Amino acid sequence: MTVSTQSFSFVSDLVRRHSAIQLAPGKEYLVESRLGPLAREKGLHGTDAVEQYVQRYVRTGSSGEIVRVVEAMTTNETSWFRDTSPFTALRRVVLPAHGDGDLSIWSAACSTGQEPYSIAMVLAEQGHQRFRILATDINAQVLDRARGGRYSQLEVNRGLPAPMLVRHFRRAGAEWEVDPALRRNLTFEKHNLLTPPPGVGTFDVVFLRNVLIYFDMPTKQSILARLRSRVRPGGYLILGAAETTVGVDPAWERVDGAHGSIYRLRGGSA
Amino acid sequence: MRALVIDDSRVMRRIVASTLKGLGFEIAEAGDGRAALDLLEAGERFDLACVDWNMPVMDGLELVQEVRKRRDWRDLTLMMVTTESEQNQIVRALAAGAHEYLIKPFTPDALEAKLDMLGLLPQKELA
Amino acid sequence: MTDTTSTLAQSVVPMAQDLFTAMVDGEPGLLLPMEALEEPITDPLYAWVDIVGPAVSRTLVVTARETADRLARSLLLKEDDEPVTLEDVQDALGEVANVVGGNLKAMMPEGSSLTLPVVEHAEPSASRPADHEQALLWWGGPILIQLWTSTNGEDL
């Protein structure tokens, strides 16, 4: 039940580069327990299953397998406002520029829903009433969880400010459930980023955080090009802290003075 | 940064303290609300107090109320760290003047995330 | 079984697993539910908290001293062979009862309060058998959680 030093450092390097999450030596057990199920799916069993899996499928550089490994290793890191800069940007940059008109937001790769609900909470706290949020993910299972809007005690502990918890959630047995009033403006839909954008009309803001890092340059470019076709001129793109459009797609300009990776589609008024 | 960890369970004090130490805090401990007040009245200053709710002598809610009566202690950030998890109890603690509320059980990264949101973490190094 | 008892009963396992995942083991999968105890717990320690007020309830956690020692070592971040005092062990097991009992309280009628944990070598007295019990296995050692509930004001 041991993963070799080389395989461990390969996996920890992969995770660090793709998620900025550090996997310190001594966390070998975490690699074993998180990658065990992936190894078993490949028919690998026994004490060296994970080692075999890393050697045969991950080190060969298959991008699909790399995405799965990084997801498996970071899956518990989903949190609410832990990275505050996207939400600060929404409050300080997007809303003042937009005024109080209808706001259309796409939360792409929303995973278990913390991001779209956080966006809705920020808008509600700012008194912004007229908005709709389309939340999508490629994984039907996590999307079901997102749609359900129920979170365990451990999940609400992770990065959700207590004043927001008591305002926008209610206790449901051992779990917490998102207030129906907050959910009213959210729609959930299965979507693959490698296909045309979902929904209808144009978006004012797209959240696409910690997704581009998984893809190679041509794929990044095609994702951004497709996405851009559905963002209104002057609309915003909010990326993960380690991501940028610079050198990928010149149609976007960085928003000066905002912390975090906030980009505006060139053209349009604001 | 200095933190005061108030809990009647030594095990729990040690868990909270070890996470805070790892984040660069200097730690003092108290086993109940009265002992915590004594430290504050003796002039000890802290940036953060992690407060359990159910404790002998003086409970955490009473401690929060006492601390909030004192203008000279208003810079002290109060975070409940407790197994009390009814919505009403959280509302009561926030109304009494607690800034944050962490429900037991919690993971070290949940505690860290709360501190991050309270602006009590040193600036993160870029990975 | 009353509705309250069955709601609580369903929550005991996920609650205890959350506690062990987050604060004891640092990873999931090490605390496992069992159908029933295979044999009585030897050299047992009993830790319990009561809920008093509109709802009355007791959460009792029973485990062997050996398992309680391991629990204390895990919680105190000690090495496998480091000694722990009885005081440490009582504190650790009491906190487990406190966290499980406290979280169960959130699922009961509001306005009740939680007593401080009591940890003894002897079983607390009760007028009737537990309303629900759940056996768990942790590192090969059994842990038994028993619940008593009453929402009509009767004693346990």
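The values are calculated or read from the model by the stated rules, or taken from the named source; none is laboratory data. Not measured: the values here are computed from a predicted model. Positions of Cβ are backbone-derived with ideal geometry, glycine not excepted, and every protein chain shown enters the neighbour counts. The protein model used for the area step is the full one, side chains on, heavy atoms only, and it has no ligands, DNA or RNA in it. Shrake-Rupley method; radii C 1.70, N 1.55, O 1.52, S 1.80 Å.
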Hits in the range B:85-104 (condition: within 22 Å of residue C:104 (Cα to Cα), more than 7 Å from every other protein chain (Cβ to nearest Cβ) and open to solvent by 40 Å² or more (accessible area, probe 1.4 Å)): B:92
Residue that is surrounded by the most Cβ atoms within 10 Å (Cβ to Cβ), among those in the range A:191-207 that are among the aliphatic types (A, V, I, L, M) and free of Cβ contacts under 8 Å to residues at least 40 places away in the same chain: A:194
Filter result for residue A:70 (touching a residue at least 24 places away in the same chain (Cβ under 8 Å), touching a His at 6+ places or on another chain (Cβ under 7 Å) and either hydroxyl-bearing (Ser, Thr, Tyr) or part of a helix (DSSP H, G or I) (or both)): yes
From the options A:210, A:157, residue that is without any contact (Cβ under 8 Å) to a residue 12 or more places away in the chain, polar (S, T, N, Q), in contact with a Ser or Thr (Cβ under 8 Å, 6 or more places away or on another chain) and farther than 18 Å from residue A:125 by Cβ: A:157
Residues of the range C:132-156 satisfying the condition of being farther than 22 Å from residue C:18 by Cβ and open to solvent by 50 Å² or more (accessible area, probe 1.4 Å): C:151, C:152, C:153, C:154, C:155
Of the criteria (1) charged (D, E, K, R); (2) surrounded by 15 or more Cβ atoms within 10 Å (Cβ to Cβ); (3) free of Cβ contacts under 8 Å to residues at least 40 places away in the same chain, which one residue A:266 fails: (2)
Filter result for the condition that a residue is buried (at least 24 other Cβ atoms within 10 Å of the Cβ) and at pLDDT 95 or above, over B:36, B:28: B:36
Lone unmet requirement of (1) aromatic (Phe, Trp, Tyr); (2) closer than 24 Å to residue A:234 by Cβ; (3) open to solvent by 50 Å² or more (accessible area, probe 1.4 Å) for residue A:57: (2)
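Yes/no per residue for (1) out of contact with any helix residue (DSSP H, G or I) (no Cβ under 8 Å at 6 or more places or on another chain); (2) away from chain B (no Cβ under 14 Å); (3) open to solvent by 60 Å² or more (accessible area, probe 1.4 Å); (4) in contact (Cβ under 8 Å) with a residue 24 or more places away in the chain:
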residue: C:7; (1), (2), (3), (4): yes, yes, no, yes
residue: C:38; (1), (2), (3), (4): yes, yes, yes, yes
residue: C:44; (1), (2), (3), (4): no, yes, no, yes
residue: C:54; (1), (2), (3), (4): yes, no, yes, yes
residue: C:79; (1), (2), (3), (4): no, yes, yes, no
residue: C:86; (1), (2), (3), (4): yes, no, yes, no
So residue B:15, is it aliphatic (A, V, I, L, M), in contact with a Ser or Thr (Cβ under 6 Å, 6 or more places away or on another chain) and within 13 Å of another protein chain (Cβ to nearest Cβ): no
Filter pass, residue B:55 being modelled with pLDDT of 95 or more, within 14 Å of chain C (Cβ to nearest Cβ), in a strand (DSSP E or B) and buried (at least 18 other Cβ atoms within 10 Å of the Cβ): no
Single match in B:78, B:111 (criterion: facing another protein chain (nearest Cβ under 10 Å) and open to solvent by less than 10 Å² (accessible area, probe 1.4 Å)): B:111
